Every structure is written in C-alpha cells, then in structure tokens.
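Chemist: Right, I'll just put the structure down here and ask away after.
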Amino acid sequence: MRKVFDEMPEKDPVSWNTLVFGYAEKGRHQEALGVLREMWVDGCKPNSFTLSSVLPIFAKCSDVRRGMEVHGFATRNGFVDDVFVGSSLIDMYANCTRTDYSVKVFDNLPCRDAILWNSMLAGCAQNGSVEEALRIFRRMLHSGIRPLPRTFSSLIPACGNVASLLLGKQLHAYVIFGGFDGNMFISSSLIDMYCKCGNVSIARHIFDRMQSPDTVSWTAMIMGHALHGPAREALLLFDRMELGNVKPNHITFLAVLTACSHAGLVDEGRKYFNRMSDHYGIVPSLEHYGALADILGRAGELEEAYNFISKMQIKPTASVWCTLLRACKVHKNTVLAEKVAKKIFELEPRSMGSHVILSNTYSCSGRWNEAAHLRRSMRKKGMKKEPACSWIELKNKRHVFVAHDKSHPWYERIIDALNVFSEQMARQGYVPNTEDVFQDLEEEQKSGVLCGHSEKLAMVFGILNTPPGTTVRVMKNLRICVDCHTVTKFLSKIAEREIVMRDANRFHHFKDRNCSCGDFW
C-alpha cells in the first residue's frame, strides 16, 4: 500500500486519508501518525475523515493529551460539529476515563443520531458512571430516539458492576416496555445483573423463561448459584447444560469450580478441573488453578494445595499463592503461612493484602510480637491497610459506613439500636466471637471493637430505615468476619427480615437465623 502511494505523482486528501486509515486499521499506530505528520508538511490539510481515523489511535493507547491536541485542531478548523469527529472524540475521552469531556463534546453536537447516543451511554457505563448513563438514556427517550439492543447491553452490566439493584430494575422495566425481553443477549445481561445485585431468584425466573439459553446464559446462571449459596443447584445446572448439548467454555468451568469451592466439594472440584481438559480440551488458566487451590485450601487440605500450586503448568502468581495464605489464616497454620508469604513477597514485595493476612495469622495464633513487628515494618514502608467499609442503597442514595466511623448522622441511633439487639441476642444464646479481633486486648474490649464493624452499622441502619419485612441488602469491600456473620443470623430472626450481604468472596442470604453459605465461606 505504501509503495503504491509513494509512486503516485499527485497525492490528494483521499489518498492521504486512505493511507492513514489503512495503517490505523492494521494497528500500526505510529506509522499512521507519521503519515499524518507527512500530510501536514506536504501542505494537505486533514479533514473530518482524517481526524475520525486518527482519534481511535489515542483511544486505544489512552493518550488523552494528544487526543486533546486533535480536539483543539478540530475546534479551530470547524470540524467539531461533524458527527464522525464528535463520535470519535466521545469514544477517545471515554477510553481515557474522561467521561466529563465526553459529555461536553456530546452536549455541543448539533445533531445526535442513535449511534452517537449509544456511544455516549457505553462510554459512561464502561467507566462506572451509571447514573450519568441513565440520565443520558432518559434524555435519549425524550428526544424520540428508540433504544437499540446494544443500549441495554451497555447499561445493564454496568448496574451489575456497581450492584445497583434499583437502577437495574428500572432498566428491566424499559426492556419489557420496549419489547426487548426476548433478546437473548439482553436476557443474559439481566441474569448477570440480578445475580450481581443479590437477587438470584429473579435471575432464575428470567433464565427459566428462555427457550434456548446459550453458553453465556448458562454460565451466568451457574455463576449466580455458585455465588449465592445453592452450590448443588449450580452443578445440576451444569449437568443440564451438557445434556442439552450446549458446550461449556473456560468461564463456565470457572463458575463450576467456584461452586465447589463455596460448598467444600473437594472431590467434585478435582473431577471438574480434570474434565475441563480431558473432555473439552480447555487448557486451564491461572484462574482455574487458583480456583482449585482455593477448594483445597478452604477444605483444610493445605499441604496438597501447596504441592498443587508448586507443580502448576503455569508459573503461579502472587494472587494464586495469596489464596493459600488466606486458607492458612483460617486454619491457623502459621508455619505454612510464613512459607507461602515468603513466595508472595518475592513476587510482590509490597503486597499489602498479604502482609495483613500474615499479620492476622500471627494474631490468631497468639503470636502478638510477630504481628506487631510486621505491622511496624508495614508502616515504615508506607503501606496502609485498606479500611473496611460497607454500604447500603436506600431511596436512590448510597450510605457508606467505615468501621468505627462516627461521622454518619445516624451513628448514635444505630449504636443504641445495636445495643438493644445485643441484649435480645444474648438472651437467645449469642456469645461474641472475638477471633477476628487482631489486637492484644481484654475480651470485654474486643467485644467493644466488634460493635463498630461496618457491616453491622450498615445492616442496622437498613433495618431502622425500611418498612417491616423489607429485604435489607448490604455490600462490603472485605470478607465478612465470623462474629458479624453470627450477629446477622440472629438479627434476621429477631427483626424478621431477609438480609442479603455481599462481601469480597460471595453473597450471604440470611433468614430465620440461617445463612445460604451453610457457615462455610
């Protein structure tokens, strides 16, 4: 292509643009930019086609500074109102995580077609700006633009990623109203969204209504059951999937292994791990190795897990070893924890999470001096522990609670209510479990520390601010501790509520003093 171009006696904008576009399409970005500079030196002025060919290059490499330079050129030369240039600018800024600029470009365009609206929606959604995306979606409807299937395929997963059930339900209503509920891709997105937002029953209802679920739909539903508790149901679904001649993929097997991990199904986990490669020819990835290591570790098969990771076909990463380190903490195996931590620190010397887990392992074993020494070392290195926080959505507002943070205006009322609940729980046999208080304190002081855990604050706030019988949904950034898990079981009975809690590992559904995890998490 370049040789033909160089042999041309005269080069017009079309030939220059063709060369720029050809390099860009092949992913040869530096050469495309080089041609653009040649074009400028040659005295041939770039046009809207040139700019809309070049901007995706900056989008792919997230070079917002150079993208802004092209934006400035477009503004000075009257191209900023061009729909193709505008669309490319929106995508470029969105890929550079500057959706605020995308919105400004979008708002200044005189004409907006369905493609532009969808580009703007997708840009906001992929950057987690779900409420902004929904605001644009409503403007789109008011402008008389009919949504496309890809509109919902962008928005619905975004609601799942931020666990916004209310916004997800609003979109589901639009899907039904617009007649898109028969679309397989949208149905799969809805299943995934409801599972991530803690309502697996609605997800299953949508799944059961699908006439011919594809691999994506089956996988989403299997993973939903794996994360929410009924692990056996996840495995039954997998069996049904195979009987229906739907071929599972690597993500399907990851979902199945997750189900085995959350239910302590060691033999089944080994079976499915081997079946993946032996029967389907799927080469295990790091995620699959990590999942089987997690299965073994949770079940207390620590030495087997260590040997399994050591003999992996792929070089184990720090995250895979960290899976075993967490299991060592749970099972209080300090000797192996030190051995595993050494391997992690060789790979990632500043792995904050691993330092914290090892310190907590020392504390669990009563080795307070080692724990204190490790924490001092972390402080010297400038390493700060991620604070535990929980949040709850009520009336379109997100309330965030940090452990022992008294800044929330409802804090005193929450503590008063928690004290009342504590008295009721004590009469029913509740005894505080202080094993997750990693400080050398008296038992009474440890019990006081437990009261300030973020999930307790969020949960009681939800109970106080919702009508009787309403399901309370709480999200947490870390793993729920043993005492909070026990307290939530008691509260579900006392308050006569279903309480759904999503922690860093899975969902817990509490009802009538029982949990869907079967106390294995």
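The values are calculated or read from the model by the stated rules, or taken from the named source; none is laboratory data. All figures in this text were calculated on a predicted structure; none of them were measured in a lab. Using ideal geometry, Cβ is built from the backbone for each residue, glycine included, and neighbour counts are taken over all protein chains shown. Accessible surface is based on the protein model in full, side chains and every heavy atom, while ligands, DNA and RNA are left aside. Shrake-Rupley method; radii C 1.70, N 1.55, O 1.52, S 1.80 Å.
Chemist: Give me the pairs: first residue in region 209-220 and over 10 Å from LEU237 (Cβ atoms), second residue among the basic types (Lys, Arg) and open to solvent by 80 Å² or more (accessible area, probe 1.4 Å), beta-carbon distance under 7 Å, and six or more apart or on different chains, which are they?
Modeler: THR215/LYS247
Chemist: Hey, another quick one. Considering only region 478-509, how many residues are in contact with an Asp or Glu (Cβ under 7 Å, 6 or more places away or on another chain) and either buried (at least 20 other Cβ atoms within 10 Å of the Cβ) or of a type outside the set (D, E, K, R) (or both)? Can you show your working first?
Modeler: So the first thing to find is which residues in region 478-509 are in contact with an Asp or Glu (Cβ under 7 Å, 6 or more places away or on another chain), and the list is 478-484, 492-493, 501, 509.
The next check asks that each one be either buried (at least 20 other Cβ atoms within 10 Å of the Cβ) or of a type outside the set (D, E, K, R) (or both); those that pass are 478, 480-484, 492, 501, 509.
Number of matching residues: 9.
Chemist: Also: Just for region 331-366: of the residues that are within 23 Å of ILE295 (Cα to Cα) and basic (Lys, Arg), which one is most open to solvent (accessible area, probe 1.4 Å)?
Modeler: Ranking the qualifying residues of region 331-366, first place goes to LYS342.
Each row is one residue, and each column tells you yes or no for (1) polar (S, T, N, Q); (2) modelled with pLDDT of 85 or more.
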residue	(1), (2)
ARG367	no, yes
LYS384	no, no
HIS404	no, no
PRO409	no, yes
ILE414	no, yes
THR434	yes, no
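Chemist: Next up: Being touching an Asp or Glu at 6+ places or on another chain (Cβ under 7 Å), crowded, with 22+ Cβ neighbours inside 10 Å, more than 20 Å from ALA255 (Cα to Cα) and touching a residue at least 40 places away in the same chain (Cβ under 8 Å), is that true of even one residue in region 160-177?
Modeler: Checking region 160-177: at least one residue is touching an Asp or Glu at 6+ places or on another chain (Cβ under 7 Å), crowded, with 22+ Cβ neighbours inside 10 Å, more than 20 Å from ALA255 (Cα to Cα) and touching a residue at least 40 places away in the same chain (Cβ under 8 Å).
Chemist: Now a separate question. Please determine whether any residue of region 452-460 is farther than 22 Å from HIS228 by Cβ, among the acidic types (Asp, Glu) and either open to solvent by 60 Å² or more (accessible area, probe 1.4 Å) or modelled with pLDDT of 90 or more (or both).
Modeler: No, every residue in region 452-460 fails to be farther than 22 Å from HIS228 by Cβ, among the acidic types (Asp, Glu) and either open to solvent by 60 Å² or more (accessible area, probe 1.4 Å) or modelled with pLDDT of 90 or more (or both).
Chemist: Every residue in region 473-492 that is touching a residue at least 40 places away in the same chain (Cβ under 8 Å) and part of a helix (DSSP H, G or I), please.
Modeler: Step one: filter region 473-492 for residues touching a residue at least 40 places away in the same chain (Cβ under 8 Å), giving 473-483, 486-487, 490-491.
Across region 473-492, the qualifying residues are VAL482, ASP483, THR486, VAL487, PHE490, LEU491.
Residues checked against (1) open to solvent by less than 40 Å² (accessible area, probe 1.4 Å); (2) closer than 26 Å to ALA203 by Cβ; (3) polar (S, T, N, Q):
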| position | (1), (2), (3) |
| --- | --- |
| ASP239 | no, yes, no |
| SER277 | no, no, yes |
| GLY281 | no, no, no |
| GLU287 | no, yes, no |
| ASN307 | no, no, yes |
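Chemist: Please list, ordered by residue number, the helices (runs of 4 or more DSSP H) wholly in region 177-280 having 2 or more residues that are within 16 Å of GLY160 (Cβ to Cβ). Spell out the reasoning first.
Modeler: Values: elements: 184-196, 200-209, 215-228, 231-243, 250-263, 266-280.
The qualifying helices (runs of 4 or more DSSP H) are 184-196, 200-209, 215-228, 250-263.
Each row is one residue, and each column tells you yes or no for (1) in contact with a Phe, Trp or Tyr (Cβ under 8 Å, 6 or more places away or on another chain); (2) within 19 Å of ALA125 (Cα to Cα).
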residue	(1), (2)
GLY43	no, no
PRO46	yes, no
VAL54	no, no
PHE58	no, no
VAL70	yes, no
VAL83	no, no
THR97	no, yes
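Chemist: Now for a separate question. Looking at ILE136, ILE156 in this structure, which one is at pLDDT 90 or above, under 23 Å from THR99 (Cβ atoms), part of a helix (DSSP H, G or I) and open to solvent by less than 40 Å² (accessible area, probe 1.4 Å)?
Modeler: Values: ILE136 fails: at pLDDT 90 or above.
So the residue among ILE136, ILE156 that is at pLDDT 90 or above, under 23 Å from THR99 (Cβ atoms), part of a helix (DSSP H, G or I) and open to solvent by less than 40 Å² (accessible area, probe 1.4 Å) is ILE156.
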